[in-house]
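The values are calculated or read from the model by the stated rules, or taken from the named source; none is laboratory data. Values in this document were obtained by computation on a predicted structure and should not be read as measured data. No Cβ is skipped: glycine too gets one built from the backbone with ideal geometry, and neighbour counts run over all protein chains shown. Surface accessibility is based on the protein's heavy atoms, side chains included, excluding ligands, DNA and RNA. Shrake-Rupley method; radii C 1.70, N 1.55, O 1.52, S 1.80 Å.
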Amino acid sequence: MKKYSVATAAVALVMISGAALAADLPRRVEPAPPPAPIFTQPAFTWTGFYAGLSGGGAFGRLGRGSNDFGSASGGMVGGTLGYNYQVNNMFVVGLEGDMSWAGMTANRTLPGPIFMRAKMNSFATIRARAGVVAFDRTLLYITGGYAGGNINSTITDTTVPAVYSANSWRNGWVIGGGVEYAINRNISAKAEYLYTQVGNNNNGGVVPIVSNSGYRGSIIRAGLNYRF
């Protein structure tokens, strides 16, 4: 009986020692799962083609000198196509063209009486743009280039009587500046001021029955662009 007790105690001692040694052995650690991928949007850029709509108003004068048809003002609405290229984080250059319906009319009456009337029906520009990214997604730019408009003019001289009229596309230039803000990656809003002068339109006849019905004046408009 005593032998069995000693044997049992020895077996228990061995098992306790084995358990202690097993507890001291290093355990295999499972590797941590890889971190979830972080998706980041690419940095915003102004580079690319865009198209848009714009509208506003114009005010100035139709005609010149003794054939000044008087002050003219009216609304404008049209479409825009363009391309921007962002040189670095600050500078943007590009080319923009637009075509607008215009509703600017001027009327004047001279002694005789002589009735003078001129109207600019449409207006278009092809302009270079250069700007700086001032802060966030705000672009400040200057612009200038070609401008043209369709001008219709009529002079009715009741003393002759005679009517002189012309309807033609007149060429000129435009210069100005504006601000454009990118609402998101595709849509931006802009506001700009332009000063333009388009050439003369001669009806024929003798002075003062000659209609130099070019347009010179200011344009203020706003627009929305969609960048592709």
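Residues of region 175-190 being buried (at least 18 other Cβ atoms within 10 Å of the Cβ) and under 14 Å from L53 (Cα atoms), which ones? E180, S188, K190 - these are the residues of region 175-190 that are buried (at least 18 other Cβ atoms within 10 Å of the Cβ) and under 14 Å from L53 (Cα atoms). With respect to the stated conditions, S168 fails to be in contact with a strand residue (DSSP E or B) (Cβ under 6 Å, 6 or more places away or on another chain), modelled with pLDDT under 95 and of a type in the set (S, T, N, Q).
Taken together, the residues in region 95-114 that are surrounded by fewer than 17 Cβ atoms within 10 Å (Cβ to Cβ) and more than 28 Å from the chain's Cα centre (by Cα) amount to 6. Of the numbered criteria (1) exposed (fewer than 15 other Cβ atoms within 10 Å of the Cβ); (2) more than 16 Å from the chain's Cα centre (by Cα); (3) hydroxyl-bearing (S, T, Y), the one S153 fails is (1). The condition of being modelled with pLDDT under 80 and at positive phi holds for G65.
Summed over region 61-73, residues that are more than 15 Å from N107 (Cβ to Cβ) and either of a type in the set (K, R) or part of a strand (DSSP E or B) (or both) total 1. Take the conditions basic (K, R), open to solvent by 50 Å² or more (accessible area, probe 1.4 Å) and either touching a helix residue (DSSP H, G or I) at 6+ places or on another chain (Cβ under 9 Å) or at pLDDT below 90 (or both) and apply them to R117. Does it pass? So R117 passes the test. Would you say N203 is among the polar types (S, T, N, Q), at pLDDT 90 or above and either open to solvent by less than 70 Å² (accessible area, probe 1.4 Å) or out of contact with any Asp or Glu (no Cβ under 9 Å at 6 or more places or on another chain) (or both)? When the stated conditions are applied, N203 does not pass them.
Among the residues of region 124-143, those that are open to solvent by less than 30 Å² (accessible area, probe 1.4 Å) and out of contact with any Leu (no Cβ under 9 Å at 6 or more places or on another chain) comprise A124, T138, L139, Y141.
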